[in-house]
Amino acid sequence: MLKHCFVLLAFVGAALAEVHPLTLRQAVDLATKENPDVVLARLDEQKAQAAIRVAKDPFVPKMYAGSGLAKVWGYPTSIEGAAPSIVQTRTDMSLFNRPKSFELARVREMARGAAVGTQSKSDEAAYQTAVQFLDIEQMSRSLQSIQLELESLERVSAGVNLRIQEGRELPIESKRVAVDLARGRQRVEALRDDLDYAEASLAVVLGYPAGDRVQPVQEERTVLEVPESEQGAKELALQNNKEIRRLESQLQAKGFEMREYESTKWPIIDVVAQYALFAKSQYEDFFTKIQRNNGELGVSIQVPLLRGSAYKGQISQAQTEILQLRAQLNQTRNRIELDTQKSYQELQKAMSASEVARLDLDYARDQVSLLLAQLGEGRTTQQKIDDARVNEQEKWIAFYDTQHSIERARLDLLRQTGTLLAAVR
């Protein structure tokens, strides 16, 4: 009974799963909006923007009003530093506060860094989407080629079995063909499983449930343009790299943080204002003249006389972190140059391998054409033609693999140079 329940749940899950046919451009656009990592980075960016409003609070006027009720015996005493009143209103705002000013600048820079982080996540999601999209296309082409190869193997098997029955082949040849057939069927089954998993993985990258599938829609795509020279690729990578920009933003924020600690030696000047409405009955027994409406406007000045030792340690920590960030920035630049160089060279290798695979494919196709002509003249056998067709399908698979390697190498180089999104769109 339990087994039947599991089977039923599996069928229900399969029925609820959706298939999303998408072009490469549609998939990339969707990834930059709905990818889970991008969504999380965008939320972090929103938090950073909210932190700016928090840091601006000291420089924004605030107003408080209130009242209360109490029984008074004798002279009206001060409860919160002001004379008892019916209604009291006060406001305050910083005019000159260097630590808070540098804190605001630091928070703004951190928000800029968070925006750079969101862009970096979008680029990474676009790269993952494009790579998986091309992988699925390649798997589909390979599956078609292997299925054609399997059909050729089945014809070879039928021919071999017929010749064995006629006594023109040794029985052991049937075992060789059976192994080839089993190997071909195993390749088809494994590739179908890999294709299903790749379609599900792409769906997850695009923000769909794991049960959904994304199937590529064939479209005419222009060849992705890459820099013409290795040096040009390096310069473009250093100029557009998001990690470098993020580290530069962190370095700038640390500079503001150090200046924030240093500026604690400056005085703090705040605007203060207050209004109070008095009740005459509370004061007429003690004063000859009472003014009900009372207000004041002025500035509050706080001058630091002794700052302690904490600020020195904080400055030292900030300086050390700045040195660390500079070292990390230099290391990142060197790594990006090397990675871009490697990506460019991998593209050249892939293009060279593709040319070799094309020549090999042309040779295999010419062999099939030659054998077909010889078959018409009675100078060859159908078995040789079938064997040649199997070999041709293998060469097609190899050629598709090299084309796929070129596309992936282009994507990797475009990711290194920071131009992937623009190229795909």
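The values are calculated or read from the model by the stated rules, or taken from the named source; none is laboratory data. Quick caveat, the model's predicted, so the values are computed rather than measured. Cβ placement follows ideal geometry from the backbone for every residue including glycine, while neighbour counts extend to all protein chains displayed. In case anyone asks, the SASA skips ligands and DNA or RNA and just uses the protein heavy atoms, side chains included. Shrake-Rupley method; radii C 1.70, N 1.55, O 1.52, S 1.80 Å.
A few remarks follow.
Yes/no matrix, rows are residues, columns are (1) open to solvent by less than 30 Å² (accessible area, probe 1.4 Å); (2) part of a helix (DSSP H, G or I); (3) under 30 Å from R98 (Cα atoms); (4) not aliphatic (A, V, I, L, M):
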{"position": "E220", "(1), (2), (3), (4)": "no, no, no, yes"}
{"position": "E225", "(1), (2), (3), (4)": "no, no, no, yes"}
{"position": "L247", "(1), (2), (3), (4)": "yes, yes, yes, no"}
{"position": "V271", "(1), (2), (3), (4)": "no, no, yes, no"}
{"position": "S281", "(1), (2), (3), (4)": "no, yes, no, yes"}
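- Candidate set from the stretch 397-425 (those that are within 14 Å of A130 (Cβ to Cβ) and not in a helix (DSSP H, G or I)); member that is nearest to the chain's Cα centre (by Cα): T419
- Any pair with Cβ under 7 angstrom, 6 or more apart, that starts in the stretch 290-314 at a residue that is closer than 13 Å to K265 by Cβ and ends at one that is open to solvent by 60 Å² or more (accessible area, probe 1.4 Å): P304/K265; R307/K265
- S300 fulfils the conditions (1) open to solvent by 80 Å² or more (accessible area, probe 1.4 Å); (2) of a type outside the set (A, V, I, L, M, F, W, C); (3) over 48 Å from the mean Cα position of the chain (by Cα); (4) under 30 Å from G255 (Cβ atoms) except for a single criterion, (1).
- Members of the stretch 364-388 that are without any contact (Cβ under 8 Å) to a residue 12 or more places away in the chain and either open to solvent by 80 Å² or more (accessible area, probe 1.4 Å) or of a type in the set (F, W, Y) (or both): D366, L370, E377, R379
- Residue within the stretch 190-208 that is closer than 20 Å to T129 by Cα, open to solvent by 40 Å² or more (accessible area, probe 1.4 Å) and assigned to a loop (DSSP other than H, G, I, E, B) present: yes
- Taking the listed residues I322, I315, the one that is within 26 Å of D57 (Cβ to Cβ), buried (at least 16 other Cβ atoms within 10 Å of the Cβ) and β-branched (V, I, T) is I315, with no other qualifying.
- Pairs where the first residue, in the stretch 328-354, is touching a residue at least 60 places away in the same chain (Cβ under 8 Å) and the second is open to solvent by less than 50 Å² (accessible area, probe 1.4 Å) and outside any helix (DSSP H, G or I), C-beta under 6 Å, 6+ apart: I336/N241
- Of residues in the stretch 385-425 being at pLDDT below 90 and among the aromatic types (F, W, Y), the one farthest from V160 (Cα to Cα): Y400
- Those helices (runs of 4 or more DSSP H) lying entirely in the stretch 1-80 with at least 1 residues in contact with a helix residue (DSSP H, G or I) (Cβ under 9 Å, 6 or more places away or on another chain), open to solvent by 80 Å² or more (accessible area, probe 1.4 Å) and at pLDDT 90 or above: 24-34, 36-55
- Checked across the stretch 287-296, the condition of being surrounded by fewer than 16 Cβ atoms within 10 Å (Cβ to Cβ) and of a type in the set (F, W, Y) holds for at least one residue.
- Applying the condition of being acidic (D, E), open to solvent by 30 Å² or more (accessible area, probe 1.4 Å) and modelled with pLDDT under 85 to the stretch 122-175 and asking which residue is farthest from E199 (Cα to Cα) yields E166.
- With respect to the conditions (1) modelled with pLDDT under 90; (2) touching a strand residue (DSSP E or B) at 6+ places or on another chain (Cβ under 8 Å); (3) open to solvent by 70 Å² or more (accessible area, probe 1.4 Å); (4) closer than 21 Å to F102 by Cα, W266 falls short on a single one, namely (1).
- Test: A83 is of a type in the set (A, V, I, L, M, F, W, C), surrounded by fewer than 19 Cβ atoms within 10 Å (Cβ to Cβ), more than 29 Å from T417 (Cα to Cα) and within 42 Å of the chain's Cα centre (by Cα): no
- Only one of the numbered conditions (1) assigned to a loop (DSSP other than H, G, I, E, B); (2) open to solvent by less than 90 Å² (accessible area, probe 1.4 Å); (3) in contact (Cβ under 8 Å) with a residue 60 or more places away in the chain is violated by E257, and that is (1).
- Taking the conditions (1) closer than 25 Å to D401 by Cβ; (2) in contact (Cβ under 8 Å) with a residue 40 or more places away in the chain; (3) assigned to a helix (DSSP H, G or I) in turn, V214 satisfies each one other than (3).
- Qualifying residue in the stretch 93-102 (condition: aromatic (F, W, Y), open to solvent by less than 20 Å² (accessible area, probe 1.4 Å) and assigned to a helix (DSSP H, G or I)): no
- Any hit, the stretch 232-239, residues being outside any loop (DSSP other than H, G, I, E, B) and of a type in the set (D, E): yes
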